[in-house]
Amino acid sequence: MSNVTTPTPAVDAPVRVHGTDEFFREVLRDAELPALLPALAHATGDFRLVDPSLRPAGGPIPAVTPPQGGMSPQAQQRARELAFEALRRLRDESPRPLNLTNDADLMPLVTFMTGEQNVEYLPLVNHELGFGRDGGDPDWTIDEIAPHRAADFHAVIIGCGPQGIQAAHRLRQAGIKVTVLEKNGDVGGTWYENSYPGCRLDTPNFTYSYSFFQKHTWPQAYTEQKYLYEYFSEAASVLGVRELVWFNTEVEKLRFDDEASLWHITARGPEGVVELTADIVVSAVGQLNRPNIPDIPGADTFQGPQWHTVQWRHDVDLTGKRVAVIGTGASAFQVIPTIAPDVAHLTVFQRTPPWMYPAKDYHEAIPPGMRWLLDNIPHFHRWYRVYQFYMNIEGRIPFMERDPDWKHPASCSAKNEELRAELEKYLRSQFADRPDLLPHVLPAYPPGAKRILRDNGVWARTLKLPHVDLVNCGVRCIEPRGVVDNDGVLHEADVIVWGTGFKASDFLYPMTVIGRNGVNLHEEWGGDVQAYYGVNVPDFPNLFLLYGPNTNLVVNGSLMFLQEMGTEFILSQLKLMLETDSRSIEVKREPFEAYNRWVDEGNARMSWSDTRANSWYRSTKSGRSSQNWPYSMLDYWKGTHGWDASVFTLR
Ligand code: NAP
């Protein structure tokens, strides 16, 4: 068994709460009932709380996420009554909680969330709940299965963002010696680097956390960057990862030595070039961290400061300045409303307008009643997290499927049109008082062809401000005094902000990676990146990618879940390699190619392969979707957990 445990609180300790009846009724007004009911059933042992008649609706999520998971008003009323009684019992009696390490007690609670018909999902939900056991904790250590190699076996992880931290933790649990090479001076990856004004999650927060390091004190539904950075920083410290990191050390080259089955790593650190070797290398460098600044004529002649959103210049005060922001993708969409109140003038250069889901609570704190429940009902946060996960598990996938016979200028199937019409209705309501702006903010491409953003009304309010101009005709060039649009109009500016995204299809850029027989990874890929379940590439033994090709998610599941699955896949491959006393493991070409054909077929059927919009979801070189996972969470789980050893060559 593993020698590094993750902190898991006792699941059967009695719960005691304090408060008047009136107070309980008040907190229950803010409660997310579909998650609270199993949490209270757990705390009180009362299975009436998870009666099937109270179950959330399930199924694909419509454009606007329904309150209380689509529970009927009658079911909500009954649920509040039962929850009220449960809180009184927790105050007045000492009910015995269920022991959720016992499947007989756990199952009714889990099936409440998933419905009986979805039994296939139970292992995923159990993994995410993490009651009494950490579902990803390896059931082996190197000392147990290959004691003669334990002292020397060395793993190098590149990157200490969210994926590098969890990979380091899991490898340590297996007793493997780990070194993490991190180009920045701190951990946290994207949540360390992106500190632009307004930076926050635009996906539900609780589910954006590790299953093995859960937290109940998230302050917002869509948390701000500083809290995410704090979370990953704390995880790195508590899990013992921080002391494994060589900071300010950027990997330049990896070369596999066929003879010795060792990776030679060349990195540039604070003292200059460093060389080290490793039995295995895990790349956890992320997909979105190399800024893309388009080659626009005259950019270097601009007389004021200019920067990319990921390299925010906090030393420049924007108060009273004229600012030009180029781009209206996810980052600029958060920057623009945040800086608008302070600047003298804001010019927004939009090439393609975004679709957005309405989310009233996008900038809100967790409401007080919900806060109290999260703070006082132990494990409620686990149910809330798994509820967010399960609601999104297949999310809006059905809305994204393309119908080759569907003819509409801005949608790709009947279901996609249903979503498009809903999203258009929202935009029309937002701009009802500014019909002049409406044609410029209504997208003319299918929802999902590029990332759908989230809005609480702040976007329209900002674009309507008298000192904000929306320019739609594109950027022709930059002059010392500002940005010239394609109609030849100069928009004077003191500062330019590039919200122009990342070189997302240049995976592992700019590292040189040389595998077996001198094969160069970038030449092998030829701009069309592929990896088996995002992890393995033929000719590159003992190299594992996390958040690799085709493991980004668009409208379903959780990125944290998918990457935990990727890490568990890596650990199980290592187990096989060590058990068979092999020096290397490498995916065979035939299953690799079959897998990629399957992924391409899946992606071709999805709206993000539609070419009516530019998007980082498709490779700039091949046009193929090299970023996204087109299938269900279950498919990824099965592929990474029920695999056949014949897929790999062991040497
Ligand atoms: P992005 O979505 O790729 O947006 C880039 C923007 O720059 C687009 O509006 C694009 O226009 C524009 N652009 C690019 N080249 C241009 C040119 N030559 N002239 C004019 N405009 C140009 O990049 P991003 O906003 O940095 O977001 C990238 C990803 O990061 C997101 O999709 C998301 O996955 C992640 N992110 C997540 C969060 C979060 O909350 N979790 C927040 C921010 C970012 P076109 O649309 O016409 O190409």
With Kirkwood's inverse mean 1/r over C-alpha pairs for Rh, give me the Rg to Rh ratio of the chain, two decimals please. 0.97
Under 22 Å Cα to Cα from residue 215, which lysines show up? Leave out anything in the same chain fewer than 8 places away. 226
Ordered by fewest other Cβ atoms within 10 Å, a rough proxy for footprinting exposure, 339, 393 read 339, 393
Counting other C-beta atoms within 10 Å, which of 113, 71 has the fewest, and how do the rest follow? 71, 113
Could you give P(r) for the stretch 260-308, binned at 5 Å from zero, as whole percent values over all Cα-Cα pairs? 4, 12, 14, 13, 14, 11, 12, 9, 6, 3, 1
Expressed as a percent, the portion of alpha-carbon pairs in the stretch 175-257 spaced more than 14 Å apart is 68 percent
Taking the beta-carbon count within 10 Å as an exposure proxy, list 507, 540 from fewest neighbours to most. 540, 507
At R0 = 30 Å, FRET efficiency that the Cβ-Cβ distance of residue 621 and residue 273 yields, to 0.05: 0.50
Checking the cross-link filter: which lysines have an alpha carbon closer than 17 Å to that of residue 360, excluding same-chain neighbours under 8 positions apart? 425
Output the peptides 33-41, 577-585, 514-522 sorted from most to least packed, where packing is the average of other Cβ atoms within 10 Å over each peptide's residues. 33-41, 577-585, 514-522
So, counting K/R as plus one and D/E as minus one, what does the shell of residues with Cβ under 13 Å around residue 589 add up to? -2
Consider just the alpha-carbon atoms of the stretch 294-403 and return their Rg together with their Dmax, both in angstrom. 20.3, 59
When each of 183/253; 183/575; 450/621 is checked by Cα-Cα distance, pairs over 19 Å: 183/575
Simple spin-label estimate for residue 465/residue 295, 7 Å along Cα→Cβ, in nm, reads 3.5 nm
Report for the chain the percent antiparallel among DSSP-assigned beta bridges with both residues inside it, nearest 5. 45 percent
Please sort through the DSSP H helices of the chain and keep those with an alpha-carbon extent of at least 18 Å along the long axis and a Kyte-Doolittle average not below -1.0. 225-238, 559-579
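All of the numbers you see were taken from the coordinates with simple rules; none came from a lab. A quick note: this is a predicted structure, and the numbers were derived from the prediction, not measured. We place every Cβ from the backbone using ideal geometry, glycine too, and count neighbours over all the protein chains shown.
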